[in-house]
Each structure stands twice: as C-alpha cells, then as structure tokens.
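No lab work stands behind these numbers, since they all come straight from the coordinates. Because the structure is a prediction, the values reported are computed rather than measured. Cβ sites come from the backbone with ideal geometry, for glycine too, and all protein chains shown count toward neighbours.
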Amino acid sequence: MVHETRRDNAAVGLHVAVRPVDRLVSRPLRAALGAALLCGFAPGAAHAHGPLLIGGASTTDLQHYGVGWRFGDFKTWDRGNWRYTVAGELAYGYWRGVEDGAVDDELHDVGHTTILRMARLSGGTPRPYFEGGLGMHVLSGVKINLDRDLGIAFQFGEMIGVGMLFGEREQYSLAFRLQHESNANLEKPNNGLGLGMIVFTVEL
C-alpha cells in the first residue's frame, strides 16, 4: 500500500484558460469545504509543509501570477482506499488587466485557502487525487480593466481541482484547478475573478 507522505514542495503552474466559474462550485461543495475551512483554522493545527510557487494565467483581458506557501497537515484520515488531508495555502497573487485603454490595470492579492484533498492510497503511480478549497483574499483595489468592478477589497475564494502524484518518491504532481474569487454579494457590483490553470509541483 502506498501512503501519502509529508514533504516540502515547490510548484510552477501554467494556465490553460480563464472563464467565470461562479456556477461550477455547488452549494453542497461549499458547505463541505466550509467544515474543512473551520478545521483548518484550529489553533496549533498546522506545521510548515513547504514553499509553493504558482505561476501564470493569461487570457485576452487578464493575466495572473502568484507565489505562496503550503502548510499541512491540519488533519489526515483514511477511509477505504483513499486518504483525506486538510492543508492550507498562503498566497500572494498579481492580477494584470490587459484591455486596451484600461486605467485600472493591476491588482495585488493576498489570501489563505484551506484545502481538502482526497488521494488514492494504492495502485502504484501515477496516483490520482481530487481537491477543493475555500479561502479569503484581500485585494489592493476593487477595479481592473475597463469595467470589471469587484465591489469591495475583501473577497471569498473557491477552488476545485484534479491531479496525480508521480515519480519514484512521488516528488512530482500535475493538477488542473478552477479558482474563483468574489465578495459573495456583500457589495454590488460583484463581477468577481475566475481562472483555470495547470499546476506542476516539484518536491525540493
């Protein structure tokens, strides 16, 4: 049986598309991840898990780059042939608007995301996993490009992803993530930010 181990990681991400993803994260998933989010903030729960570098998202109107730190594991348990892990990511992101004539062409983003991962325990490598997360973000402004208005600087974040672990020591992983940020209608307008990206992780 192959078990997931705790280790330091660095990751480089390449995006494939950016689209609004408000409807891709259902209310039941938000509720389930909310429990993980509360668990993730339990006092004394975390230990440093390793550096995480996430880079690159670009479309016709937005570019995104980021760097962060992954913490874990808050909680780990096995059920059947799967291992469940709750961990956290602290991240800094840079959003750049590239629409012609845009006055508000950049945003800085600092956030924390608590992530619930479900990884298969047996079957050799590559070993698949699924993950989802909820978090909070603070932005340096509320507008970007010509008409994208986020309402307020405080934003909620949602993420879902699927990936695989591989390599002799499972030192690599490749995942596809969908991520969305919005103010949950605390303030109008609430245009939000959304992206999809491929993340490649390398253990240091």
Exercise. At 7 Å along the Cα-to-beta-carbon direction for both S122 and D149, put a label point, then send me their distance in nm to one decimal.
Key: 5.8 nm
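Would you kindly give the portion of the calculated P(r) for the range 55-204 that falls above 28 Å, as a percent of all Cα pairs? Spell out each step's value before the answer.
Values: 2933 of 11175 pairs.
When every Cα pair of the range 55-204 is considered, 26 percent fall beyond 28 Å.
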Quiz item: Taking θ as phi - 60°, what are the ³J(HN,Hα) couplings along the range 115-126 by the Karplus curve (6.51, -1.76, 1.60), each to the nearest whole Hz, with x for Gly and Pro?
Solution: 10, 9, 10, 10, 10, 5, 8, 10, x, x, 10, x
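Semi-axes, largest first, in whole Å: what does sqrt of 5 times each Cα gyration tensor eigenvalue give for the range 66-131?
Numbers: eigenvalues 259, 41, 13 Å².
Gyration-tensor ellipsoid for the range 66-131: 36, 14, 8 Å.
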